[in-house]
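Have a look at the structure below before the remarks.
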Amino acid sequence: MAKISLRNYNRLIENLIDNGKRDEAIAHCRHILQTFSKYVEAYRLLGKAFLEAKRYDDAVDIFQRVLMCVPDDFVSNVGLSIIADDQGKLDEAIWHMERAFEVQPSNAAIQGELQRLFGRRDGSSRPRSVSRAARWRICMSRVNYMPRRFLKSVPFWQMIPSAWICRCSLPGPISVWGKKPRPPIRALSF
C-alpha cells in the first residue's frame, strides 16, 4: 500500500470532486473517517461531495456536524445556503450565506450571492456590511482557536483589527465605569 500524507490525500479528494468523480471521493472520505473519525476536513470534503452529487439530506447532516465542531466554517455555511436555496427555504439560505459573509466579507462571490438572495426575498439587492455583533463573534471565535501561549503573550486588544475598534468617548477612567459613587466611610465611636 502506498503512503500518502493526509494533506495530499485531501487534495486528491478535492480533485476527484472537481472532476466529477463524486462516488469515488465519497469512498475516500469514508476511508479516512474510519481511521481518523474526528478529522473535520474529511467531513467537509464528504459534505462537498454529497452536495455535488445532489444528495442533499446526507450533505445537510455532514455540514451540520462540521458546524457543531467549527461554528464559523465557511464551506459548511455556503453548502447549507445552496441546499436551502434549492429547496426554496430562502430565509435559511440567507442566514447561512450571512454567516459565510461574516467569515469572508471581502469575497466577491459571496457578496454577489447574498445580494441575489436578498433581491429574491425583498425585491432589492442592497449591499451589506458586517454588523457590530458579527465582528464581535468573529473576533471571539478567533480567540477561541488561538493557542494559549499566544493568548498569554499578546494583550487581547492587539488581536482586534484596528478598523473594528469603536471610537467613542468614555465618561471617565476605567475604574469608575458602571460604579455608583459611594459615600465616605465614617468611623464609629462608642
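The values are calculated or read from the model by the stated rules, or taken from the named source; none is laboratory data. As the structure is a computational prediction, the values presented were derived from the model and not from experiment. For neighbour counting, all protein chains shown are included, and Cβ atoms are generated from backbone atoms with ideal geometry for every residue, glycine included.
Laid out as a table, the results:
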read-out: Matching residues in region 13-23 - criterion: being part of a helix (DSSP H, G or I) and surrounded by 14 or more Cβ atoms within 10 Å (Cβ to Cβ); value: Ile13, Glu14, Leu16, Ile17, Arg22
read-out: Boolean, Leu90 is among the aliphatic types (A, V, I, L, M), under 24 Å from Phe118 (Cα atoms) and surrounded by fewer than 16 Cβ atoms within 10 Å (Cβ to Cβ); value: yes
read-out: Number of the exception - Phe74 against (1) buried (at least 21 other Cβ atoms within 10 Å of the Cβ); (2) among the hydrophobic types (A, V, I, L, M, F, W, C); (3) within 24 Å of Leu117 (Cα to Cα); value: (1)
read-out: Region 19-37, residues that are under 23 Å from the mean Cα position of the chain (by Cα) and either aromatic (Phe, Trp, Tyr) or closer than 21 Å to Leu80 by Cβ (or both); value: Cys29, Leu33, Phe36
read-out: Matching residues in region 67-113 - criterion: being of a type in the set (Val, Ile, Thr) and either modelled with pLDDT under 90 or out of contact with any Phe, Trp or Tyr (no Cβ under 6 Å at 6 or more places or on another chain) (or both); value: Val70, Val75, Val78, Ile82, Ile94, Val103, Ile110
read-out: Answer from Tyr43, Tyr56 - the residue that is surrounded by 21 or more Cβ atoms within 10 Å (Cβ to Cβ) and either within 30 Å of Gly123 (Cβ to Cβ) or modelled with pLDDT of 90 or more (or both); value: Tyr43
read-out: Checking Ile4 against (1) in a loop (DSSP other than H, G, I, E, B); (2) within 30 Å of Gly119 (Cα to Cα); (3) aliphatic (A, V, I, L, M), the condition it does not meet; value: (2)
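So that you can scan it fast, the table gives a plain yes or no per residue for (1) among the basic types (Lys, Arg); (2) assigned to a helix (DSSP H, G or I); (3) in contact with a Ser or Thr (Cβ under 9 Å, 6 or more places away or on another chain); (4) not assigned by TED's automatic domain parsing to the domain that holds Asn10:
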{"position": "Ile26", "(1), (2), (3), (4)": "no, yes, no, no"}
{"position": "His31", "(1), (2), (3), (4)": "no, yes, no, no"}
{"position": "Gly47", "(1), (2), (3), (4)": "no, yes, yes, no"}
{"position": "Ala59", "(1), (2), (3), (4)": "no, yes, no, no"}
{"position": "Gly79", "(1), (2), (3), (4)": "no, yes, no, yes"}
{"position": "Ile82", "(1), (2), (3), (4)": "no, yes, no, yes"}
{"position": "Ala100", "(1), (2), (3), (4)": "no, yes, yes, yes"}
{"position": "Ala109", "(1), (2), (3), (4)": "no, yes, no, yes"}
